[in-house]
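Each reported figure results from applying straightforward, stated rules to the coordinates on display, with no laboratory input. Being a predicted model, the structure only gives us computed values, none of them experimental. Here Cβ is always computed from backbone atoms with ideal geometry, including for glycine, and neighbour counts include all displayed protein chains.
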Amino acid sequence: MSEHHLRRLVIMRHAKADWPGGVADHERPLEERGHREAPLAGRWLLKHNIVPDFILCSSALRTRQTCTWVCSELGDKAPTPKLEDGLYAASALRMLTVINHVPDTVTTLMLISHLPGVQDLAMHLASRDSDHDAYMDAATRYPTNALTVLETEKSWAELDGQDARITRFKVPRAH
């Protein structure tokens with residue numbers, strides 16, 4: 001594999017979560033809409049041939065449930081997700097540190113986490129040659145179930161800032 005192999009990073013915010021009383025934030029589940037919409041993200045990834053070979057997922061319940069729905073849509077192509085406590089309530093730089101430790105054999109990485117970290121990370125990594133509309137959408141709003149797709153020729157360890165192109169921003173919604 002060439003050192004300049006194109007890598008893709010998919011940054012996803014969990015699907016719509018519920019706010020049940022007496023439940024710790026880490027244990028908040030998806031609400032009904034979240035359960036309907038999370039599978040749409042997996043379908044969108046398949047349709048656009050963006051299939052992760054590695055998934056990093058926050059250990060919070062709502063991100064784990066989102067990940068389960070995405071993987072159910074990816075079917076046999078789904079990798080076994082790695083739950084990462086360090087992605088819960090993480091800053092963009094903390095998320096980037098986790099990404100920097102991903103093996104170079106991974107060509108399409110998916111990260112499922114929370115605001116504000118996911119949006120901040122996408123903006124931190126976005127290079128000047130990013131798709132303008134996708135960049136502006138990701139910069140101005142990052143609703144639940146949102147996906148940002150970035151491409152880079154750098155290794156995961158070398159990713160630092162302004163070195164990945166945003167190619168797509170999508171919010172799969174149930175109609």
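Here are the numbers for this structure:
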quantity: Length added when fully stretched, Asp129-Arg43, from 0.36 nm per residue minus Cα-Cα; calculated: 28.2 nm
quantity: Efficiency of FRET from Cβ geometry, Asp85 and Ser155, R₀ 30 Å, rounded to 0.05; calculated: 0.80
quantity: Nearby lysines by direct alpha-carbon distance to Lys170 (threshold 16 angstrom, same-chain neighbours under 8 apart not counted); calculated: Lys16, Lys47
quantity: Relative contact order (%) - region 100-167, alpha-carbon pairs under 8 angstrom, separation at least six; calculated: 46
quantity: Relative contact order of the chain, defined on C-alpha pairs under 8 angstrom at six or more residues apart (%); calculated: 31
quantity: Net dipole in debye of the chain [+1 Lys, Arg Cβ; -1 Asp, Glu Cβ; about Cα centre; nearest 20]; calculated: 520
